[in-house]
Amino acid sequence: MNTQQELRKIAGQLIMIRFPGTVLDAATADFIRANGIRGVCLFRGNMTDSIQLAKLTADLREAIGPDALIAIDQEGGAVVRSTWVPAPPAAMGLGAADDAELAQRTGAAVARAVKSLGFNWNFAPVLDLNNNPHNPVIAERSFGEDPQRAAELAMAWMAGSHAEGVACCVKHFPGHGDTHVDSHRDLPTVDKPLSELENFEFKPFKLAAGTAPAMMTAHIVYPSIDPENPATMSPAILDGLLRKQWNYRGVIITDGMDMHAIAGRYGVGNAAVRALAAGADMVMALGTPETQDETLNAIAAALADGTLAQAQVDERLARLSALAQAYPCKPRSYKEDAADRAIMAEGWRRALTARGNPRRPAPGARLRLVARQDVVSDGVSEAGVPAGVVAASLGKLYDVELVTFADANTFDWSALPRDGRYTVLASTSRLRYGEHPRATWRPDLHLALWNPYQALDIDAPALLTYGFAAPALEAVNAWLAGELEAKGRCPVPGFE
């Protein structure tokens, strides 16, 4: 009979953890070794620069051993953790450029950068489809609305990553696109007939199932398949649909089990056991050391009492080891920084999309920029671009006066001076606009620097960038200077 510690060491191989700070402290290293942890996900708070991060991932490899799975969310656009490497365009930007070869080169460039930093697993690309303009958490993270084309672009991106030795993990199976609730905060439901799901939400995942080495589950209930359980804990979805019907052979990892959709309803330990029993191979136990302990104890107890059968667990361990061996965690040198920045800049420029026939202000014109004061992170994305940075960028071409607002729902557009200044609204958050700005805001030009759907909220000509990284602002300036035409086509309805 296995001891509790031996069972915890088996459990440890089935979970992925996070930890705070920019160094591997002794307590975390001891926790990793004592519990056989092989999976770690790093976030923005774990990173300061390339030297620090390479040291941290090297220390993790030493603590974990050769089967280390060190993961990052480096999707592109607003969802990047390493912000100093070449900035990838968002998925919807690549959808707007509509070029699979560009998507492939972008995925390869992302992989070169993250591999040099010590990662071997990237939680990207997103296969969710954008058929709900009010989705609070997907938006520009999706390649578009058409299942076939979104899958083709995502699979090209993935092929680029795999050619450079970094495993991808497509997400969020079986589809987070048509939700109006963020599962970080509550449990969404997608209540559609199975035939509709099969023709739409499920389709890109089914198309990618033959080549994706890993899939991340969504904390969403699909009543037409399983009215009781979110996909993360649904035997009907993970085992029945994905494994048996689609014959999927890759790794199934859950989304973060600390998210309120799960932790707040089921408890982290119970939820982890249910996810593994349903068919997941690895549980993302991001939380705290206390919730990670709770998760390990719950899985160990389920191993002891047979809730998790040894044969099933052996299959899961074999899949995880195969992934680590196919994409070994071996950092490479990174001499392609300048070349990869050129690839990314090309993507941002080709993504740039015009709506409503925007007109350029004259060179050197007097310009008034209106933007929000704060640019906080929503926990999924990085913080947006500060108003002062946008003003400085436009200031290379124009005489810019900056006006900021705290609350879009109370800002009085009519109070702006009518002094002939060309007025630009820069949208620097993901939040859609409410009734007040929709009814009263009338800029000469709207720079939608994040969520493209904001361009539908404001009655003004717009430029859509699908993100706010430096090359996005450079592409805007190139358009303003007449050096670039905005030839991107937004890959969702309503932007014709």
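Every number here is computed from the coordinates shown, using simple stated rules; none is lab data. All figures in this text were calculated on a predicted structure; none of them were measured in a lab. No Cβ is skipped: glycine too gets one built from the backbone with ideal geometry, and neighbour counts run over all protein chains shown.
A few comments on the model shown:
- Size descriptor, Kirkwood hydrodynamic radius, that averages inverse alpha-carbon separations across segment 443-495, Å: 11.5
- Relative contact order (%) - criterion: Cα under 8 Å, at least six apart; region: the chain: 17
- For the peptides 74-86, 316-328, 224-236, the ranking by mean Cβ contacts within 10 Å, running from highest to lowest, is 74-86, 224-236, 316-328.
- Using alpha-carbon coordinates, inclination of helix 147-163 to the longest axis of the chain, degrees: 70
- Global form of segment 352-480, assessed from the alpha-carbon gyration tensor, a/c cut-off 1.5: rounded
- Helix 50-64 vs. the chain, principal-axis angle (Cα, 0 to 90°, nearest 10): 20
- Projecting the Cα atoms of Ala96, Ala71, Pro193 onto the charge dipole of the chain, computed from C-beta unit charges around the Cα centre, puts Ala96 farthest toward the positive end.
- Crossing angle, helix 100-116 versus the chain [Cα axis fit, 0-90 degrees, rounded to tens]: 60
- Tail beyond 24 Å, pair distance distribution of segment 235-343 (Cα, percent): 38
- Each of His134, His436 was scored by other Cβ atoms within 10 Å of its Cβ. Listed from fewest to most, they are His134, His436.
- Only helices enter the 222 nm calculation for the chain: every DSSP H run of n ≥ 4 contributes -39,500 (n - 2.57), and dividing by all residues gives -11000 deg cm²/dmol, rounded to 500.
- In this Cβ point-charge picture (+1 for Lys and Arg, -1 for Asp and Glu), segment 253-372 has a dipole of about 1520 debye about its Cα centre.
- Under the convention that each Lys and Arg Cβ holds +1 and each Asp and Glu Cβ holds -1, the size of the dipole of segment 53-199 around its Cα centre is about 620 debye.
- Taking every C-alpha pair closer than 8 Å and separated by at least 6 residues, the mean separation divided by the residue count of segment 5-75 gives a relative contact order of 36 percent.
- Rg then Dmax, both in Å and based on the Cα atoms of segment 382-450: 12.2, 36.
- Selection among Pro331, Ala439, Ala218 by position relative to the dipole of the chain gives Pro331 as farthest towards the positive end (Cβ unit charges, Cα centre).
- Gyration tensor (alpha-carbon) shape descriptor, segment 143-280, a/c threshold 1.5: prolate
- Summing Cβ point charges (Lys, Arg +1; Asp, Glu -1) relative to the Cα centre of the chain gives a dipole of roughly 880 debye.
- Calculated diffusion of segment 1-123, Stokes-Einstein form, Kirkwood radius summed over Cα pairs, 4 °C and 1.567 mPa s, µm²/s: 83
- Dmax and Rg, reported as Rg then Dmax, of the chain (C-alpha, Å): 23.0, 82
- Farthest toward the positive end of the dipole of the chain, out of Gly287, Gly356, Met233, is the Cα of Gly356, where the dipole comes from beta carbon charges about the Cα centre.
- Under Karplus coefficients 6.51, -1.76 and 1.60, residue-wise ³J(HN,Hα) of segment 8-21 in Hz, glycine/proline x: 5, 5, 6, 4, x, 6, 9, 10, 10, 10, 10, 8, x, x
- From the C-alpha gyration tensor of segment 1-61, square roots of 5λ in Å: 26, 10, 9
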